[in-house]
């Protein structure tokens with residue numbers, strides 16, 4: 001790894017690091033990356049926002065590297081982490097780009113991916129604001145649409161490519177997204193996957209939205225509006 005240039009400038013809500021670096025994929029192969037780390041005022045107790053770009057990589061590869069860096073950052077202890085993330089990227093760069101390219105090739109060979117639906121039950125949210133922001137961000141980054149239902153039950157409904165849903169599940173289970181009773185950051189250990197299936201004649205959900213409900217009747221109507229009443233009846237209405 002060779003850092004070519006770096007700059008620091010202040011933003012309204014923290015510091016921003018811009019780093020140009022060469023990453024060695026093989027002895028004779030070097031890839032130039034542009035990385036942007038935005039450090040919020042709560043950093044390092046809050047992970048930085050990260051952007052990745054490169055003229056030598058596809059947009060999907062850059063997005064995959066970004067997601068992997070964010071996942072790694074969330075798994076670290078709340079200490080200054082930018083340098084550690086750069087070292088980790090160098091050590092894992094070849095695997096990250098090869099794995100992502102394999103996914104792209106499989107998708108191209110198989111044509112357009114079928115749309116899947118997944119429904120998750122979350123037991124509780126202690127750090128509610130942070131948790132909701134993480135769910136929104138993961139869904140957007142992975143190109144997933146759906147709903148986050150908040151009420152007596154906490155449900156996440158997702159629609160999109162199956163591989164993106166699998167990646168979401170991985171993030172949900174491995175990233176320290178909540179806090180425990182002592183206030184220490186922790187992973188989600190009590191999420192239940194209620195349903196993960198391909199649905200025929202599926203009504204497309206156009207966006208990801210947060211919906212609060214006061215009664216199960218309201219929740220049922222929300223499922224009806226997106227054409228998933230059967231899903232509600234089979235997996236939600238039977239919940240205790």
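No value in this document is a laboratory result; all are computed from the given coordinates. Please read these numbers as outputs of a predicted model, since none were measured by experiment. So basically every Cβ, Gly included, is an ideal-geometry build from the backbone, and we count neighbours across all protein chains shown.
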Given (1) 58, 48, 29; (2) 40, 39, 38; (3) 48, 35, 35 as possible values of Cα extents along the principal axes in Å, the one from the coordinates is (1)
Extension gain, residue 133 back to residue 38 (0.36 nm per residue minus Cα-Cα distance, nm):
32.6 nm
Comparing 185, 221, 67, which has the greatest mean-square fluctuation in the GNM of the chain with Cα pairs linked when under 10 Å apart?
221
Nearest-0.05 FRET efficiency for residue 239 and residue 126, computed from C-beta distance (R0 22 Å):
0.60
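Calculate for the chain the 222 nm mean residue ellipticity that helices alone would give, adding -39,500 (n - 2.57) per DSSP H run of length 4 or more and normalising by residue count, nearest 500 deg cm²/dmol.
After summing the helix terms and dividing by residue count, I get -11500 deg cm²/dmol.
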Specify the inter-centroid distance of the range 160-222 and the range 53-81, based on alpha-carbon positions, in whole Å.
22
Taking 0.36 nm per residue of separation between residue 190 and residue 55 and subtracting their Cα-Cα distance, the length gained on full extension comes to 44.5 nm
Take every Cα pair under 8 Å in the range 115-236 that's 6+ residues apart, average their separations, divide by the length, and report that relative contact order as a whole percent.
33
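For the residues 23, 16, 193, what sequence is obtained by ranking on other C-beta atoms within 10 Å, fewest first?
Details: 23 22, 16 17, 193 14.
Placing the least packed residue first, the sequence is 193, 16, 23.
Let me have the relative contact order for the chain, percent, based on Cα pairs under 8 Å that are six or more residues apart. Can you show the working numbers first?
Details: 374 pairs, mean separation 34.2, N = 240.
Result for the chain is 14 percent.
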If I fit a long axis through the Cα atoms of helix 82-110 and take the longest principal axis of the Cα atoms of the chain, what angle between them do I get, 0 to 90°, rounded to 10?
60
Can you tell me the orientation of helix 162-174 relative to the chain, as the angle in degrees between its alpha-carbon axis and the longest Cα principal axis, to the nearest 10?
80
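Would you mind ranking 237, 182, 68, 206 so that the residue whose beta carbon has the fewest other beta carbons within 10 Å leads the list? Before the final figure, lay out the partial values.
On the way: 237 12, 182 6, 68 21, 206 9.
With the fewest neighbours first, 237, 182, 68, 206 line up as 182, 206, 237, 68.
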